[in-house]
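For reference, the structure discussed in these notes is given below.
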Amino acid sequence: MRIDLPYQQLLPETGLQIGFGFLTGFVAGYAGKKLIKLLAILLGLLFLTLQVLAAGGFITVNWSYIQQTSESLYSEVERSRQLWWQILTDQLPFVAPFGVGFWVGFRKG
C-alpha cells in the first residue's frame with residue numbers, strides 16, 4: 001500500500017529551517033576557515049616582507065603604530081562578528097543547526 005503525501009506535509013517549515021540552518025552554517029564555517037587561512041598567509045607574507053626590508057635598511061617600521069592600529073581593528077572585528085552572529089541566529093529553529101553546521105564546516109575546511 002502506497003500513500004502519497006504532499007511535499008509540504010513530509011517536511012514542515014521547521015524541518016526546512018533546521019536543514020537550511022545546518023547547510024548555511026556549514027557553508028559559513030567552511031568558507032570562514034578558508035578565509036582565515038588565506039588571511040593568515042597574507043599577513044605572514046606581509047610581516048616577512050616588512051622584516052626583510054627593515055633588515056636591509058630600506059624602511060623603518062613604526063611597530064607601536066602598527067600595534068595600536070591592529071588593536072583597534074581587532075575590536076571592530078569583534079563587534080562586527082557579534083552583530084553578524086546575532087543576525088544569522090535570530091530565529092530559534094535556525095540557531096542550533098546553524099551552530100552545528102558552522103562547527104562541522106569549520107572542521108572540514
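Observations, loosely collected:
- Just one residue in the set 33, 37 is touching a helix residue (DSSP H, G or I) at 6+ places or on another chain (Cβ under 7 Å), part of a helix (DSSP H, G or I), under 25 Å from residue 109 (Cα atoms) and among the charged types (D, E, K, R); that residue is 33.
- Some residue of the stretch 81-95 being part of a helix (DSSP H, G or I), touching a residue at least 24 places away in the same chain (Cβ under 8 Å), in contact with a Lys or Arg (Cβ under 6 Å, 6 or more places away or on another chain) and within 30 Å of residue 19 (Cβ to Cβ): no
All of the numbers you see were taken from the coordinates with simple rules; none came from a lab. Model, not experiment: these values are computed from the prediction. Backbone-built Cβ (ideal geometry, glycine too); neighbour counts: all protein chains shown.
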